[in-house]
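What follows is calculated from the coordinates using simple rules that are stated; it is not laboratory data. Worth saying up front: this structure is predicted, and the values here are computed from it rather than measured. All Cβ positions, even for glycine, are placed from backbone atoms using ideal geometry, and neighbour counts span all protein chains on display.
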Amino acid sequence: MGIRSYADELLLSDFKGRARPSAAASQMQPEISTFAELIDKLGYLSKEDLRLVREAYKFADEAHLGQFRASGEPYITHPLAVAGLVADWNLDAQAIMAALMHDAMEDCGITKHALVERFGAPTAELVDGLTKLDKLQFQTREEGQAESFRKMLMAMSRDVRVILVKLADRTHNMRTMGAMAPHKRARIARETLDIYAPIAHRLGLNQVYRELQELSFACVHPWRQSVLHRAVVRARGTRRDLITQVQNDVIKAFEDAQVPITLAAREKTVFSIYRKMRVQHSSFAGVNDVFGLRIIVNSWQECYLALGVLHRLYKPMPGKFKDYIALPKANGYKSLHTVLASPLGTPVEFQIRTEDMHAVAETGIAAHWRYKMNGGKVPNPGDVAQRLGSMWLKSLMDIQNETRDSAEFLEHVKIDLVPESIYVLTPQGKILSLPPGATPLDFAYAIHSDVGDRCVAAKVNGTQVSLRTELRSSDVVEIVTAQGARPDPSWLSIVRTGRARSKIRHYLKQLTHEDSQILGERLLTQAMRAEGLTLPEHEIGSHQHGAIWPALLRWSGNRTPGELMLDIGLGRKIASVVAKRIAQLMREQGQRPDAVMLTLGRYGDPEGQASSHSLVIIDGSDDAAISLATCCRPIPGDEIRGYLGRGEGLIVHTADCRTGKRLFERERERWIPVEWAEAPTRTFETALRMTLRNGRGALAQVAEAISTADGDITHIDMGQEAIGIVADLTLTVSVRDRQHLADVLRVLHRTPVVLKVERIKP
């Protein structure tokens with residue numbers, strides 16, 4: 001049995017002057033400054049691999065010759081230090097070479113082709129995945145950063161070594177940021193806290209995770225870090241006797257049980273203490289688990305045996321036991337956690353794990369590159385590591401395939417980087433890991449996108465619940481689907497995972513595009529009639545369009561006729577302008593307008609409107625390209641007209657809408673004739689303003705009156721003022737048409753408590 005305590009080694013230095021990171025932030029191996037020191041770390045590589053590493057170092061040294069860091073040191077010291085951190089994980093020669101040359105393409109003008117010729121395609125791909133994109137391609141620095149981050153994660157999904165080298169690069173940059181300007185230091189630190197530290201945690205690299213958090217915290221909040229650091233040092237002194245007594249008790253208990261263990265004291269990092277204080281709204285004195293103990297045993301069976309020894313020694317705290325061996329975390333972390341009441345009543349947390357579990361807990365996927373594990377050689381360590389992060393990497397690929405906007409992609413990734421998880425079960429007993437706050441919709445999309453798209457209801461532990469219900473660990477969730485169901489835009493405010501959010505957005509975009517494409521073709525066909533011509537034959541998505549379509553697409557800047565129809569349907573292009581261009585191209589080929597069609601197209605209606613067969617018909621069906629204006633809320637029976645908004649599709653206004661009239665004066669060419677269908681497929685909402693005599697049951701009488709008239713209240717707004725004898729209400733009511741609305745108003749006028757009621761018009 002051995003005793004290994006590193007608590008006394010943590011946070012030994014106090015702050016003098018400006019804040020600096022604590023020693024807890026430097027648990028990785030000391031960084032190197034010479035190539036000889038790097039070679040000393042690479043004893044696990046073959047002679048041929050060492051020769052390739054030497055060649056890569058010479059190449060990087062020559063490429064960075066004459067370049068210096070902000071601190072004044074030769075630039076090559078940075079790639080050397082990054083390679084040293086990568087070597088601590090026992091990564092292969094290609095990863096070491098990529099670490100040495102990771103800035104060569106970005107800062108030295110070295111091409112990927114040159115790296116492929118000299119070092120091979122795998123190494124060149126690693127370096128390329130670590131290289132930022134050209135900032136000149138983007139309008140803003142944020143856009144360039146988002147796209148570069150997206151590129152790196154996509155390279156990581158193909159080869160996880162990309163992110164390992166990147167995390168080593170970011171760790172060394174964070175250690176050496178003292179020479180940077182304060183604002184730049186704070187920006188990089190926030191980015192590290194938001195993205196890189198959570199990625200390290202997601203991949204199980206807990207040493208890197210803790211160090212990046214501590215270093216970033218010292219840059220973003222130096223004063224808070226300094227104060228908490230001093231508090232931890234003081235607490236270490238006051239609790240030293242308690243920890244020593246607990247250690248002695250534990251050692252004796254395990255000696256009596258004849259279970260060999262290695263005991264280590266552990267201490268919370270300053271940042272984790274700060275975060276816990278923020279979440280719990282407590283002071284430093286309220287954080288009881290600053291110090292704890294870790295027990296290392298020989299096998300997973302002994303983990304549970306050790307748990308029994310501890311629970312016989314001290315009383316366990318109710319609800320504080322977690323079994324991460326039976327239910328590992330998403331990043332592969334395994335341990336038993338329990339909190340016990342010490343002799344003084346102070347809670348002490350214990351972690352119980354094997355040596356292999358400890359290696360994965362500290363270095364995550366990097367642990368699988370070590371050649372010796374359980375006394376044997378890992379045959380394909382890269383494959384093992386890739387599988388460990390495969391679920392998250394697959395999620396990244398799904399989001400990538402359905403999210404073309406880089407900023408949106410980055411937003412989804414940040415959502416998916418929540419460190420904690422809950423564990424829920426399918427009715428068949430399969431366990432799924434989801435972030436805290438996840439809903440049944442997140443669960444449905446985690447199973448399959450088709451299940452999520454067709455979700456209509458959910459049962460949790462056998463009870464039907466709302467789709468907004470937050471799930472808890474151990475919940476058994478059953479999803480109810482329907483064949484005709486589809487995602488609703490309101491789901492975006494419900495889901496918690498990036499995968500679910502990207503799937504919903506992708507579906508809604510596809511739906512809107514399909515409807516807008518159909519609308520665009522109808523509008524262009526109508527505009528062609530006004531020119532006395534028929535729209536030329538075309539097959540959407542095909543390249544065989546005769547002579548007219550290629551010329552038209554070159555003029556419009558679209559790739560396909562379908563894309564052109566989409567632009568027209570979304571209002572990005574005006575149908576009449578496109579029609580005139582088509583007519584010109586057709587005239588150049590000798591085609592002339594048809595006199596009868598020209599007459600019907602322009603003069604079919606005596607009042608100057610197009611004939612009814614050329615109108616867009618509004619029937620209330622779920623057409624994502626057509627929406628009813630919320631300013632005037634048109635209902636069947638109202639005189640209406642359609643405004644083709646820029647990128648918004650067709651928006652229907654009433655003819656007397658003031659907002660619509662202002663738009664009509666500015667952009668007459670964007671207005672098109674529309675009319676109601678003879679038999680609309682649904683009810684429509686309109687707004688009523690009501691004054692009523694306040695009293696007991698007044699609102700119930702209003703609701704009963706509307707229900708008697710076969711109407712339906714969908715929203716009530718009573719305003720912010722205190723209600724007196726007389727109250728003003730605004731109601732949103734669902735009706736079939738103007739006649740139905742008149743019936744509702746007539747019944748309301750007869751209601752005793754109603755003093756006045758009218759339809760709201762803008």
| message | Under the rule a/c < 1.5 gives rounded, and otherwise a/b versus b/c splits prolate from oblate, where does the range 684-759 land using the Cα gyration tensor? | response | prolate
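Sort the following peptides by mean Cβ neighbour count (other Cβ atoms within 10 Å, averaged over residues), highest first: 50-59, 177-186.
Ranking the peptides 50-59, 177-186 by packing returns 50-59, 177-186.
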| Over the range 684-759, what is the relative contact order in whole percent, taking alpha-carbon pairs under 8 Å and six or more residues apart? | 49
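What ranking, highest mean first, results for peptides 40-49, 195-204, 490-499 when packing means the other Cβ atoms within 10 Å averaged over each residue?
Working: 40-49: 13.0, 195-204: 24.6, 490-499: 19.1.
Answer by packing, highest mean first, reads 195-204, 490-499, 40-49.
So, by mean Cβ neighbours within 10 angstrom, what's the order for 653-661, 122-130 with the highest one leading?
Details: 653-661: 18.2, 122-130: 22.8.
Descending mean neighbour count gives 122-130, 653-661.
Work out, step by step, the length gained on full extension between Thr691 and Val227: first 0.36 nm times the residue separation, then minus their alpha carbon distance; give nm to one decimal. The partial results should precede the final answer.
Working: separation 464, 0.36 × 464 = 167.04 nm, distance 5.93 nm.
That works out to 161.1 nm of additional length.
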| field | Set Lys252/Lys334; Lys329/Lys430; Lys509/Lys761; Lys41/Lys112; Lys276/Lys315 screened for pairs whose C-alpha atoms are more than 21 Å apart | value | Lys252/Lys334; Lys509/Lys761; Lys41/Lys112; Lys276/Lys315
